[in-house]
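Peer 1: Structure provided below as structure tokens; questions to follow.
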Number of protein chains: 4
Amino acid sequence: MTLADHAAPAPRPGRRADAERNRAAIIKAAGEVFAECGGGVDVREIARRSGVGMGTLYRHFPTKDALLVTVLERQFDAWLTDAYQWAVATEDPWRALTGFFEQLLDTQAGNRAVVESFATTGGPSDACVQRCYAIIDELRTRCVDAGVLRSGVTTEDLFLLSGSVSQAVLTTADSHPGKWRRLLRISLDGLSSRNTEPLPEPGVGTDARV
Amino acid sequence: MTLADHAAPAPRPGRRADAERNRAAIIKAAGEVFAECGGGVDVREIARRSGVGMGTLYRHFPTKDALLVTVLERQFDAWLTDAYQWAVATEDPWRALTGFFEQLLDTQAGNRAVVESFATTGGPSDACVQRCYAIIDELRTRCVDAGVLRSGVTTEDLFLLSGSVSQAVLTTADSHPGKWRRLLRISLDGLSSRNTEPLPEPGVGTDARV
Amino acid sequence: MTLADHAAPAPRPGRRADAERNRAAIIKAAGEVFAECGGGVDVREIARRSGVGMGTLYRHFPTKDALLVTVLERQFDAWLTDAYQWAVATEDPWRALTGFFEQLLDTQAGNRAVVESFATTGGPSDACVQRCYAIIDELRTRCVDAGVLRSGVTTEDLFLLSGSVSQAVLTTADSHPGKWRRLLRISLDGLSSRNTEPLPEPGVGTDARV
Amino acid sequence: MTLADHAAPAPRPGRRADAERNRAAIIKAAGEVFAECGGGVDVREIARRSGVGMGTLYRHFPTKDALLVTVLERQFDAWLTDAYQWAVATEDPWRALTGFFEQLLDTQAGNRAVVESFATTGGPSDACVQRCYAIIDELRTRCVDAGVLRSGVTTEDLFLLSGSVSQAVLTTADSHPGKWRRLLRISLDGLSSRNTEPLPEPGVGTDARV
DNA sequence: AATGAATGAGCTTTCATTCAT
DNA sequence: AATGAATGAAAGCTCATTCAT
């Protein structure tokens, strides 16, 4: 049992089959609709696309926001899990870290809602963020131990980097898909231990221009 | 006359003075409101804060979006100009480039609407983007000539980097102001010529993990 | 057999025992819920509290309103019976009449749905009203025979009086419980034969001010 | 200046004429609709009937409830004023008191919303209740001074009596209009000083049957 | 016969935009 | 030209009733 096992679909026993099917349909449809249109879409669109009535939707999720969070969590969690599993199986610590980021960003490419969540809430949900932190921290530690990571780089730095590049992923999704990979590589290279200059302290006033 | 002179307020001749004053008041208020609340605010709030009626507002700007674009353009343009002027006056090409980014990001720190614009429209407006591109290209060329920039880095890469870090600026604005500077430094360091590995081609399929 | 025997639970022969149990549970729960919250409650709350599913509830009662009426009838009927039995056993005709009202009002104190029914439907149901009328008429006749009732007072007057005071009972239920008893006493005293002025005729135009 | 001057229509100076007309139309329509259908009606019905859009309605009243309260206050206040003015001009204290009640009840006959308000909120609004209390108290004092009021009768008793009879007014509005006048007379006669028995103390346990 | 999930019209409220004054 | 009231199409959410299991 590692960090990577995530909330299973949880097929509660007494649940009727069609209810479960509907719930799944809602989550699926919501996942697509939120991804395409962002969190601002009309709930009706999700109901329509999932083939259920409004009441059914609201039976399964008490508010639109609850649905959004659920969907984002599931999506992000799944991506996180995949990327983590790949990373764990990778020998080279550096490649594990960078590959993890690339894979994670790759899967969330063009998902408006997920990317929005980084800008508005700081991430899909606290639980997701926690889990992401834990994973990044693990990968970071391996790099530190191997001496390949720039000194002073924190987990927060890495998380922030990931969320920030995800915006670039969305920006370029339509016009220049894949271009973000160059940006990611650039930023990651700035993380290698070949960069020896100290990073600025978190204090506000630091000014690189000086 | 250089790249940096931007669209002046354009005092159209036949215009009555108070109309011009109103227009200015609207733009000022909209700038503040959009910055604080993002592009989703109620137009009424802008009218209220600028002290004009809704009709006046809509006389000057046909749609909310037109107002938003106008405001973003002016703000971004001003910041761009400032940062550019500083950069032009800086001897060291590398410092000019990095300082330019930091200054630009610093001024837009916490401006919700501007940052949103990068995620949704790819930038405040096409004109802004063009101008930003031109400036970045100029600074980039200086670095290339001085041999301090990683080979293969394009203007697009740099622009994308800027837009992406701006998201981090917003994300951390409340909780950890200034933390984005570390991220910026990291990314910029990935741009130095000490990084010799080739960047991935823009093609979609490239996979850093391999 | 007197006026007072009311519709028995009527255990229809072919009925399965659990069906009867469910029906009883529904009526019990509905009685409580309607009393507490009034007729506007969500039917779900009743289903929940009675421990049956919505389908079962609607199998026993075709509409929410049918359930409401059934419940009100049963409750009111029971109270009516109790109050009547007490009144019948009371020698003094005046005390029988007044005590009947007080007892009836006392039991329905705070039952939102019953009181609402007087305002909206004129009473829990036609059958209830009929029965109540019959009882009141009986008690009234005794008073008339004994010469203690104001001349011209009709059964309708008395029924109306009861329904009207019931509102006061509800109004004061939380803040001043029991205060309605003063109001009841006042009104009842207006009914005594010591008041000799003729009551206004039912015609609309009568105006006490003239 | 007496108790009876009530909030004037308040034609705020800068207000546009049509806005005032709309506001009036809304209040008028709402008054009718609420009176006919009670507080539960669809707001759309009021918008339709007053000939304005939903937005206009909500511009004038922030919530449905605010509209309801405003309407009830105005209506009740107007009735209160009328009845009070009549009462003040009446020499006979007893006739002033009883006539006041009759007139007040007469005007609110069949107004569902106002009557509902007594059952749910205890009255149209706190301000209304205060004013009503003050008026009743004044009329009551005159009766007490004249020695025509039953000893121990409080203003609260009288207010409660009024609210309670108003239910009867509503109940009989359609089937037996005017019948409530008999009930009112009965109750009022119970208030005359010819009734010498002490009223029950407000304590809960008092039982008239004993 | 029992269950509780599904339905969808209907509710209150918001807000970009138009238009009478 | 300026004002801000008016508009009405959504939007999020509820709940009496039906229906598949």
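The values are calculated or read from the model by the stated rules, or taken from the named source; none is laboratory data. What you see is a predicted model; the values in this text were computed from it and never measured. All Cβ positions, even for glycine, are placed from backbone atoms using ideal geometry, and neighbour counts span all protein chains on display. Ligands, DNA and RNA are excluded from the accessible area calculation, which covers all protein heavy atoms including side chains. Shrake-Rupley method; radii C 1.70, N 1.55, O 1.52, S 1.80 Å.
Peer 1: Would you please name the residue that is least open to solvent (accessible area, probe 1.4 Å), looking only at residues in segment B:158-189 that are over 18 Å from the mean Cα position of the chain (by Cα) and more than 7 Å from chain A (Cβ to nearest Cβ)?
Peer 2: B:175
Peer 1: Pick from B:78, B:109, B:119: which is open to solvent by 10 Å² or more (accessible area, probe 1.4 Å), under 24 Å from residue A:200 (Cα atoms) and of a type in the set (A, V, I, L, M, F, W, C)?
Peer 2: B:109
Peer 1: Looking only at residues in segment D:43-71 that are loosely packed, with under 15 Cβ neighbours inside 10 Å and within 11 Å of DNA strand F (Cβ to nearest atom), which one is farthest from the other protein chains (Cβ to nearest Cβ)?
Peer 2: D:48
Peer 1: Is it true that some residue in segment D:100-117 is at negative phi, within 13 Å of DNA strand E (Cβ to nearest atom), more than 11 Å from every other protein chain (Cβ to nearest Cβ) and in a helix (DSSP H, G or I)?
Peer 2: yes
Peer 1: Which condition from (1) free of Cβ contacts under 8 Å to residues at least 40 places away in the same chain; (2) of a type outside the set (Gly, Ala, Ser); (3) touching an Asp or Glu at 6+ places or on another chain (Cβ under 8 Å) is the one that residue C:37 breaks?
Peer 2: (1)
Peer 1: If you go through segment D:28-46, how many residues are assigned to a helix (DSSP H, G or I) and more than 8 Å from DNA strand E (Cβ to nearest atom)?
Peer 2: Adding up the residues that qualify gives 11.
Peer 1: Related question: Going by what's in this entry, would residue A:69 be described as part of a helix (DSSP H, G or I) and either in contact with a helix residue (DSSP H, G or I) (Cβ under 9 Å, 6 or more places away or on another chain) or among the β-branched types (Val, Ile, Thr) (or both)?
Peer 2: So residue A:69 passes the test.
Peer 1: Tell me which residues, restricted to segment C:131-157, are within 9 Å of another protein chain (Cβ to nearest Cβ) and either surrounded by 17 or more Cβ atoms within 10 Å (Cβ to Cβ) or acidic (Asp, Glu) (or both).
Peer 2: Within segment C:131-157, C:150, C:153, C:156, C:157 qualify.
Peer 1: Could you pull out the residue among A:8, A:17 that is within 15 Å of DNA strand E (Cβ to nearest atom), modelled with pLDDT under 95 and exposed (fewer than 12 other Cβ atoms within 10 Å of the Cβ)? Write out each step before concluding.
Peer 2: Values: A:8 fails: within 15 Å of DNA strand E (Cβ to nearest atom).
After applying the criteria, what remains is A:17.
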